[in-house]
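Here the structure comes first, spelled out in structure tokens, and everything after it is commentary.
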Amino acid sequence: MNTITSTAGSAPAATDRHAASARPTGFVRDTASVFVRESRPLARDPFSVMFSLVQPLVFLGLFGPLLVGAAGGDVAGTLQWFVPGILVMVALFGTASTGANLLFEMQTGSHERTLVAPLSRSALLVGRALKEVVPLVIQGTIVVLVAVPFGFSVDPLGLVSGLAVLAVFGIGFGALSYSLALACRNRDWMFWMVHQTLLFPLMILSGMLLPLEDGPDWMQVAAAVNPLSYLVGAERALLAGDFGAPAVLGGILAAAATCAIGVLVGVRSMRRAS
Amino acid sequence: MPRKTVDMTNHNQMITARGLTKTFRSKGQTVEAVRSVDLDVADGELVAFLGPNGAGKSTTLRMLTTLLPPTEGEATVAGCDIRRDPAGVRRRIGYVGQGNSGGHTQRVRDELHAQGSFYGMGRRETRARADELIESLELEQSANRTVQSLSGGQKRRLDIAVGLIHRPELLFLDEPSTGLDPHSRANLWEHIVELRRQTGTTIFLTTHYLDEADQLAERVMVMDHGAVIADDTAWALKESLAGDRITLEFEGATDAAAAAARIGGDTSGRVVTVTARGGDRALPRFIRDLGDAGLDVVAATHRQPTLDDVFLALTGRSLREEAAHAEASDAAEPVAV
């Protein structure tokens, strides 16, 4: 067997028997460390982003044609309305279940190991939440690229800003998913119950699949307090290149508010849980 | 145990705890998981915490590693106070919990690199150290594989590598070999013993395997119902608390009863069982003396005591049975008060 301690040279601070290589780290560095760790599996296995893309692509392929038939419009026009909503769906579904990873790591012990490391508790949450941006941007781009051959036209700058707004939302929603995981430790069923209970109402009441203008009043009231409906409105304007539309500001505010609330709640939950 | 007074700043002391207590609330009842535990572990010691499941071993460990705030009491670990300077404790210790440290979708080498960055190690230093640990813990074949594809023994060796990345002066191991097959257990212990031989790292571990505590630890603390009930070398515990077991078999029950009257011990039919110190020397003497008295011994055995005998002497219960019983039931973590 080989030596477990380092032999001379490899440890610069080897003044005593134990080269105390651990040094104080800051919030930014800790966040970066957590972000890098969380992103590695994706970098090693890029195809794993396809997992949460299946559902949005099914909606695009199977629900889209029905929408064309029902509305009686042309394919390109319907896609112009429908694809931005699918992007929001990507952001919603991709980040909502991310807490399950933390739930699993809490059960196996790898979360515990990060709690014994000298990492800032806030960084443990923020680093994880920031990682959500990576798959989200890749998935959003794929959805748009799939829709373009069918006549969807997208403003490139609008797409970049649209994805940026979604990324801000995704950080917040991912943080909320982690908070839910921390609240449901040792009870996965509770996590999935809350997840399923909230996800579909949030989706339907955002107007991403069908317009809510024809729905009853109470639905419109519910949509008015659903941040996702503002996001859907903003994405429709941005992807069409209409930067001046009032909906854009509404979407940015909704994303920023979700992000702020999500990170605050998440950091609080992480601090309390450890 | 009487409260000891020791200078808490003594730098040869790796762990000093006084009156460490943890109370949980479980189903409306207050459970004292750890009751006023005093601990002293010197730099370089290998100490085993032995006791049945639910004795409070892991809870004590979790307090010492800053995972759980104590309800009462204080402790200094690797020179830092667990309440006032938890970050200082975390920087100096390594911890291998009951679970597996590696994330399932992570690759072995990536997890070691991540762990180095968690401890503020430089990129080059981390890489060199990771390579070193991969080699010494024989993880070369699995370095580029994901954690979920590893065997139980490989996962456990990765856990140890992860816990050692920053060269901690003190390593905590919580049930390191539980759930491993005998071969992997032996292999894991080879690595731990080798690590200690080379670095002198202080090791504090919990186990409910009697033979492990007996063979490997220099000092054994026996824990039961949240309290430390014995603390000494395995040899001294066995010598002072258990003694050797001698069984003598006779032609008939009358002989056995007559023999028991002469040398003491318990009779069961034709067999007499005696507990004696230095049993290997006592046995031939018994046979000779009893033979002189006309009581012929037809069969004899001599067995050295185990830590189970120590536990039995201390608590009236067998640890071996408790361990088997506890492994069958699923112990849920109670909620902290």
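Here is the figure for the stretch B:100-145: residues that are polar (S, T, N, Q) and more than 20 Å from residue B:188 (Cα to Cα) total 6.
Answer yes or no: is there a residue in the stretch A:51-70 that is within 13 Å of chain B (Cβ to nearest Cβ), surrounded by fewer than 18 Cβ atoms within 10 Å (Cβ to Cβ) and closer than 30 Å to residue B:163 by Cβ. No, the stretch A:51-70 has no match at all.
The residues of the stretch A:137-162 that are of a type in the set (Phe, Trp, Tyr) and out of contact with any Gly (no Cβ under 9 Å at 6 or more places or on another chain) amount to a single one, A:152. Cβ-Cβ distances below 6 Å connect the following pairs, each with a first residue in the stretch B:133-148 that is free of Cβ contacts under 8 Å to residues at least 60 places away in the same chain and under 17 Å from residue B:105 (Cα atoms), a second residue that is small (Gly, Ala, Ser) and in a loop (DSSP other than H, G, I, E, B), and a separation of six or more residues or different chains: B:147/B:102. Return a yes/no flag: does the stretch A:114-131 have any residue that is charged (D, E, K, R) and under 30 Å from residue B:172 (Cα atoms). There is at least one residue in the stretch A:114-131 that is charged (D, E, K, R) and under 30 Å from residue B:172 (Cα atoms).
Does any residue of the stretch A:212-226 turn out to be in contact (Cβ under 8 Å) with a residue 40 or more places away in the chain, at negative phi and surrounded by fewer than 22 Cβ atoms within 10 Å (Cβ to Cβ)? The answer is no; no qualifying residue exists.
Is one or more of the residues making up the stretch B:73-89 free of Cβ contacts under 8 Å to residues at least 40 places away in the same chain and touching a helix residue (DSSP H, G or I) at 6+ places or on another chain (Cβ under 6 Å)? Yes, the stretch B:73-89 has at least one match. For the stretch B:106-128, the set of residues classified as more than 7 Å from chain A (Cβ to nearest Cβ) and either charged (D, E, K, R) or more than 22 Å from residue A:111 (Cβ to Cβ) (or both) consists of B:109, B:111, B:122, B:123, B:124, B:127, listed by residue number. Pairs are defined by a Cβ separation below 8 Å, a sequence spacing of at least 6 or placement on different chains, a first member in the stretch B:152-168 that is within 15 Å of residue B:91 (Cβ to Cβ), and a second member that is part of a helix (DSSP H, G or I) and of a type in the set (A, V, I, L, M, F, W, C); the pairs so defined are B:164/B:133; B:164/B:195; B:165/B:112; B:165/B:130; B:165/B:133. In this structure, is residue B:231 touching a strand residue (DSSP E or B) at 6+ places or on another chain (Cβ under 9 Å) and in a helix (DSSP H, G or I)? No: the conditions fail for residue B:231. Taken together, the residues in the stretch B:198-240 that are among the hydrophobic types (A, V, I, L, M, F, W, C), under 13 Å from residue B:57 (Cα atoms) and under 13 Å from the mean Cα position of the chain (by Cα) amount to 7. Taking the stretch B:83-177 and the helices (runs of 4 or more DSSP H) fully enclosed by it, the elements with 2 or more residues that are in contact with a strand residue (DSSP E or B) (Cβ under 7 Å, 6 or more places away or on another chain) are at B:86-92, B:152-164. In the set A:148, A:168, A:134, A:144, only one residue is farther than 23 Å from residue A:256 by Cα and buried (at least 16 other Cβ atoms within 10 Å of the Cβ); that residue is A:144.
When the criteria are applied in full, residue A:165 meets the requirement of being in contact with a Gly (Cβ under 9 Å, 6 or more places away or on another chain) and either part of a helix (DSSP H, G or I) or within 14 Å of chain B (Cβ to nearest Cβ) (or both). Among the numbered conditions (1) free of Cβ contacts under 8 Å to residues at least 40 places away in the same chain; (2) in contact with a Phe, Trp or Tyr (Cβ under 7 Å, 6 or more places away or on another chain), the only one that residue B:15 does not meet is (1). Taken over the stretch A:40-71, the criterion of being more than 30 Å from residue B:104 (Cα to Cα) and not hydrophobic (A, V, I, L, M, F, W, C) is satisfied by A:61, A:64, A:65, A:69. Residue A:20 meets the conditions (1) surrounded by 14 or more Cβ atoms within 10 Å (Cβ to Cβ); (2) at pLDDT 90 or above in every case but one. The failed one is (2). Residue B:45 meets each of the listed conditions (1) within 20 Å of the chain's Cα centre (by Cα); (2) under 30 Å from residue A:44 (Cα atoms); (3) surrounded by fewer than 23 Cβ atoms within 10 Å (Cβ to Cβ) apart from (2). Given the condition surrounded by fewer than 18 Cβ atoms within 10 Å (Cβ to Cβ) and either at pLDDT below 85 or within 35 Å of the chain's Cα centre (by Cα) (or both), answer yes or no: does some residue in the stretch B:283-299 qualify? The answer is no, given that none of the residues of the stretch B:283-299 is surrounded by fewer than 18 Cβ atoms within 10 Å (Cβ to Cβ) and either at pLDDT below 85 or within 35 Å of the chain's Cα centre (by Cα) (or both). Checking each residue in the stretch B:239-270 for being in contact with a Leu (Cβ under 7 Å, 6 or more places away or on another chain) and either assigned to a strand (DSSP E or B) or at pLDDT 90 or above (or both) picks out B:246, B:250, B:255, B:258, B:259.
Only one entry in A:122, A:48, A:39, A:33 is among the polar types (S, T, N, Q), within 12 Å of another protein chain (Cβ to nearest Cβ) and closer than 21 Å to residue B:86 by Cβ, namely A:33. Please determine whether any residue of the stretch B:11-21 is of a type outside the set (A, V, I, L, M, F, W, C), at pLDDT below 95, surrounded by fewer than 19 Cβ atoms within 10 Å (Cβ to Cβ) and part of a loop (DSSP other than H, G, I, E, B). Yes, the stretch B:11-21 contains a residue that is of a type outside the set (A, V, I, L, M, F, W, C), at pLDDT below 95, surrounded by fewer than 19 Cβ atoms within 10 Å (Cβ to Cβ) and part of a loop (DSSP other than H, G, I, E, B). Within the stretch B:191-211, the set of residues being in a helix (DSSP H, G or I) and under 21 Å from residue B:43 (Cα atoms) comprises B:191, B:192, B:193, B:194, B:195, B:196, B:197, B:198, B:199.
The values are calculated or read from the model by the stated rules, or taken from the named source; none is laboratory data. Please read these numbers as outputs of a predicted model, since none were measured by experiment. Heads up, the Cβs are rebuilt from the backbone with ideal geometry, glycines too, and the neighbour counts pull from every protein chain shown.
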